[in-house]
Amino acid sequence: MSRRRQIYEGKAKILYEGPEPGTLIQYFKDDATAFNAEKKGTINGKGVINNRISEYVFTRLSHIGIPTHFIRRLNMREQLVRQVEIVPIEVVVRNIAAGSICKRLGLEEGEPLPHTLIEYYYKDDALGDPLIAEEHIAAFNWAGPEEMQDIAAMAIRINDFMSGMFSAIDIRLVDFKLEFGRIFDGDYSRIILADEISPDGCRLWDMKTGEKLDKDRFRRDLGGEEEAYQEVARRLGLLDGENSGPGEVFDLNSHRTKLRGTPVKPKK
Ligand code: TMP
C-alpha cells in the first residue's frame, strides 16, 4: 500500500488519512497502557482481536439504529471509519461498582449500583482525564445541550443492547467507556458513536466464575490477558471454528482470514 499520512497516534490506535475525503483508517496496535500511560506493555494479538470485536459490536449497534463511524473492516488490524470531530468527553456507563468509582466513593468491587450510572470525564491526558459534571460540559461548551441529550440516550441504548448481548454468552457487562464525534452536513452537525468498543474499554466478568475477561488483567498484573481477549472473541463467535456471527472469521494461528457469510471487500 502506498505511504499514507498519519493523522494521529493514540495509546492503542493510529489514525491515517482514508482513501476518500471524510474517511480515516483506524489501525489497532498491540500496545496497552494503564493509569494514564504510567504502565505500558503489549498484549500479543490484541489489535487483531479488538479490530474484530469492535467491528462486530459497531455493526450490531448500527442494526439497532445507533449511528457509528464504522464503515468496514479492511484487514486484520485496520478499519475504514468516518472522520469525526471528537467530542472531548469520555462517557463511562456503570452497572456494577468496579475500578475508579470504588476508590472515589468507597464502594466494594462487585456491588451492584442502585441504578446504571453515566459519568463524564474530560479527555485530557495532561490532566489525567478528570471526572466532570454536565455543568462543566455546558460551561466550557465541550458539547451542546442537544448533543448531550443524544449522547446520554445513545449510551443507555448501547448499555441495554450490550448487556443483553454479553449476558447471552455468560458475560456480565460491568462498565464501559464510549466516545462520540460530530459529523457535519452543511450548517448542521450530528453526533455519532466513534472510537472502539473492545475489552480495552469494558469490564467483562464471566458470569459463573467472576473471572475478568478484560484489560483489568493487564492493569492488575493478573496475567492471561491474551487468552481473556480471545475468550471474548470466541464466545461472540468470531474465532475460526465457531458457527455464529456475521462476516469474516479469523484463524488467529495462521494469521490469515477465512471468509464466511457476507464478505466485506475493500473498495478498489
Ligand atoms: P474506571 O473505573 O477506571 O473509571 O474505568 C471505567 C471504564 O472505562 C472501564 O471499563 C475502563 C474504561 N476506561 C477506558 O476505556 N479508558 C480510560 O482511560 C479509563 C480511565 C477507563
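From its DSSP helices (H runs of at least four residues, each -39,500 (n - 2.57)), the chain gives a residue-normalised ellipticity at 222 nm of -7500 deg cm²/dmol.
Amide H contacts under 5 Å for THR68: LEU193, restricted to partners 5 or more places along the chain or on a different chain, H placed in the peptide plane at 1.01 Å from N.
Among TYR188, TYR120, sorting on how many other beta-carbon atoms sit within 10 Å of each Cβ, with the fewest leading, yields TYR188, TYR120.
For the range 1-82, state the semi-axes of the equivalent ellipsoid (square roots of 5 times the eigenvalues of the alpha-carbon gyration tensor), sorted largest first and rounded to whole angstrom.
Values: eigenvalues 93, 61, 27 Å².
So the three semi-axes of the range 1-82 are 22, 17, 12 Å.
Among 128-139, 209-220, what's the highest-first ranking by average C-beta atoms within 10 angstrom per residue?
Most protected by this proxy first, the peptides run 209-220, 128-139.
Site pair HIS115 and ARG5 shows an inter-label distance of 4.7 nm when each label is modelled 7 Å from Cα along Cα→Cβ. Paramagnetic label reach from LEU222 (point 7 Å along Cα→Cβ; backbone nitrogen cut-off under 19 Å): within the range 146-163, residues 163. Residue-wise HN-Hα couplings along the range 179-189, as the Karplus relation 6.51 cos²θ - 1.76 cosθ + 1.60 with θ = phi - 60° gives them from phi, are 10, 10, x, 9, 10, 10, 9, x, 7, 9, 9 Hz; Gly and Pro carry x. When the C-alpha to C-alpha distance is required to be over 20 Å, the pairs from LYS11/LYS177; LYS46/LYS177; LYS13/LYS212; LYS29/LYS177; LYS39/LYS208; LYS13/LYS46 that qualify are LYS13/LYS212; LYS39/LYS208.
Residues whose amide H falls under 5 Å from that of ILE89, counting only those 5 or more places apart or on a different chain, are LYS123, PHE180, with hydrogens built in the peptide plane.
Using Stokes-Einstein with the Kirkwood hydrodynamic radius over Cα pairs, what translational diffusion coefficient do you get for the chain at 25 °C and a viscosity of 0.890 mPa s, in µm²/s rounded to a whole number?
Numbers: Rh = 19.2 Å.
Calculated translational D: 128 µm²/s.
Could you tell me the relative contact order of the chain? Use alpha-carbon pairs under 8 Å, at least six residues apart, and round to a whole percent.
Values: 483 pairs, mean separation 41.7, N = 268.
About 16 percent, as a whole number.
Two tests apply to each whole DSSP H helix in the chain, Cα reach of 20 Å or more along its axis and mean Kyte-Doolittle hydropathy of at least -0.5, and the ones passing both are 46-63, 145-167.
Entry for the range 120-244 at q = 0.20 Å⁻¹: log10 I(q)/I(0) = -1.18, Debye formula applied to identical alpha-carbon scatterers, no solvent contribution.
FYI, it's all coordinate maths here, none of it is from the lab. Source: prediction; values computed, not measured. Methodologically, a virtual Cβ is constructed for each residue, glycine included, from the backbone with ideal geometry; neighbour enumeration extends over all protein chains shown.
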